[in-house]
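Following: one structure in structure tokens, then a few remarks.
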């Protein structure tokens with residue numbers, strides 16, 4: 001079977017992250033990119049003979065650096081952002097009409113599990129799962145034989161009584177490309193094509209509720225993907241790491257080459273600490289945290305269930321349930337609040353609209369090259385645009401734009 005891995009979208013809902021590369025190229029788990037995990041897992045099934053990886057021009061060099069040596073992976077460039085259907089049309093000259101193709105997205109790190117379940121139907125099939133928010137997804141209806149009879153994209157209230165959404169994992173014949181082509185270059189040509197394709201072909205709807213859901217729609221979803229990737233993290237300390245004799249390390253913890261763990265540090269796994277990172281005196285790193293390469297977690301910090309990406313520096317901070325992108329400088333005494341006073345779900349703005357994160361513990365998302373002064377505080381759910389600067393002793397209660405400077409009045 002041929003697989004197509006889609007990773008060329010604009011990631012517009014992922015601000016302030018993924019501005020320089022696709023969201024699936026973030027490193028998580030054990031220091032590999034999300035898309036590496038996805039592709040390695042697919043190849044491990046033994047069912048895939050070839051993978052077409054579709055990326056945008058901005059990710060071409062990065063994708064080739066990761067995958068060009070693997071003969072089973074063909075990298076194709078989607079020059080125009082014309083949706084998933086436009087991406088799929090790039091493979092039309094490489095396949096035959098009756099070839100089966102497995103279509104998934106770069107962030108679906110467990111799409112191998114879904115593939116194995118779809119294969120059991122021995123037919124064309126689409127993965128589906130129940131949702132409490134049907135208006136945000138493509139919702140299917142099934143007949144008594146579990147074949148899909150209709151798909152309604154983002155239905156309005158009352159438009160459907162169904163709650164089974166498409167999971168972006170499909171086994172389809174390459175004939176679907178003919179329907180995509182007929183859709184005429186529409187951004188949602190795949191969705192339009194599926195609507196016509198199911199009327200001519202029997203497509204099984206396969207429930208995958210028992211497989212852990214992986215979504216990467218909004219930036220805070222990186223936390224749950226990292227947690228999934230760290231489920232089976234091995235306990236390993238590289239011989240080239242320097243570990244103080246009076247630190248305490250428990251649970252599965254991976255410490256990479258050149259990392260330094262200084263005096264009286266406490267690390268409670270699952271935790272990954274990347275190459276040449278420094279964990280300073282009296283600091284704590286715990287609970288599914290990811291510390292990237294060359295990160296400095298200075299003395300007296302606590303990092304809990306957070307992703308701190310390459311070359312960022314901390315000092316006397318609490319970073320909880322947060323994502324901090326590369327090359328940030330966070331001043332001493334700056335903290336993230338990660339709980340509301342009433343412990344209710346935390347809201348965050350996406351494209352100007354406040355939505356629930358479905359999380360009761362969530363701090364912030366910080367873009368690249370952000371700088372904060374000393375003793376700043378962040379209210380749960382805020383997002384900070386890249387290269388923003390925040391002066392000392394400020395309480396940040398709302399999102400800041402890229403390059404915005406926030407000063408005390």
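Within segment 241-250, the set of residues being within 12 Å of residue 275 (Cα to Cα) and either part of a loop (DSSP other than H, G, I, E, B) or modelled with pLDDT under 95 (or both) comprises just one member, 241.
Answer yes or no: is there a residue in segment 85-95 that is over 26 Å from residue 26 (Cβ atoms), assigned to a loop (DSSP other than H, G, I, E, B) and without any contact (Cβ under 8 Å) to a residue 12 or more places away in the chain. So far as segment 85-95 goes, no, none of its residues is over 26 Å from residue 26 (Cβ atoms), assigned to a loop (DSSP other than H, G, I, E, B) and without any contact (Cβ under 8 Å) to a residue 12 or more places away in the chain.
For segment 62-71, check the following and say yes or no: at least one residue is surrounded by 22 or more Cβ atoms within 10 Å (Cβ to Cβ), on the phi < 0 side of the Ramachandran plot and either in contact (Cβ under 8 Å) with a residue 24 or more places away in the chain or touching a strand residue (DSSP E or B) at 6+ places or on another chain (Cβ under 6 Å) (or both). There is at least one residue in segment 62-71 that is surrounded by 22 or more Cβ atoms within 10 Å (Cβ to Cβ), on the phi < 0 side of the Ramachandran plot and either in contact (Cβ under 8 Å) with a residue 24 or more places away in the chain or touching a strand residue (DSSP E or B) at 6+ places or on another chain (Cβ under 6 Å) (or both). Reported count of residues in segment 101-132, each being surrounded by fewer than 23 Cβ atoms within 10 Å (Cβ to Cβ) and either without any contact (Cβ under 8 Å) to a residue 60 or more places away in the chain or assigned to a loop (DSSP other than H, G, I, E, B) (or both), is 8. Being within 24 Å of residue 120 (Cα to Cα), in a helix (DSSP H, G or I) and out of contact with any strand residue (DSSP E or B) (no Cβ under 8 Å at 6 or more places or on another chain) is a description that applies to residue 199. Scanning segment 1-26 for residues that are more than 19 Å from residue 113 (Cα to Cα), in contact with a helix residue (DSSP H, G or I) (Cβ under 8 Å, 6 or more places away or on another chain) and not in a loop (DSSP other than H, G, I, E, B) yields 7, 14, 23, 25.
For segment 359-395, give me each residue that is under 22 Å from residue 342 (Cβ atoms) and without any contact (Cβ under 8 Å) to a residue 24 or more places away in the chain. Hits for segment 359-395 are 360, 395. Scanning segment 219-240 for residues that are in a helix (DSSP H, G or I) and in contact (Cβ under 8 Å) with a residue 24 or more places away in the chain returns 222, 223, 225, 226, 227, 228, 229. For residue 210, the conditions (1) in contact (Cβ under 8 Å) with a residue 60 or more places away in the chain; (2) loosely packed, with under 15 Cβ neighbours inside 10 Å; (3) farther than 30 Å from residue 249 by Cβ all hold with the exception of (1).
Within segment 133-162, the set of residues being touching a residue at least 24 places away in the same chain (Cβ under 8 Å) and either assigned to a strand (DSSP E or B) or assigned by TED's automatic domain parsing to the domain that holds residue 115 (or both) comprises 138, 139, 140, 142, 147, 148, 149, 150, 151, 153.
If you go through segment 316-331 and keep only what is outside any strand (DSSP E or B) and free of Cβ contacts under 8 Å to residues at least 24 places away in the same chain, you end up with 316, 317.
The values are calculated or read from the model by the stated rules, or taken from the named source; none is laboratory data. The structure displayed is predicted, hence computed values, not measured ones. Heads up, the Cβs are rebuilt from the backbone with ideal geometry, glycines too, and the neighbour counts pull from every protein chain shown.
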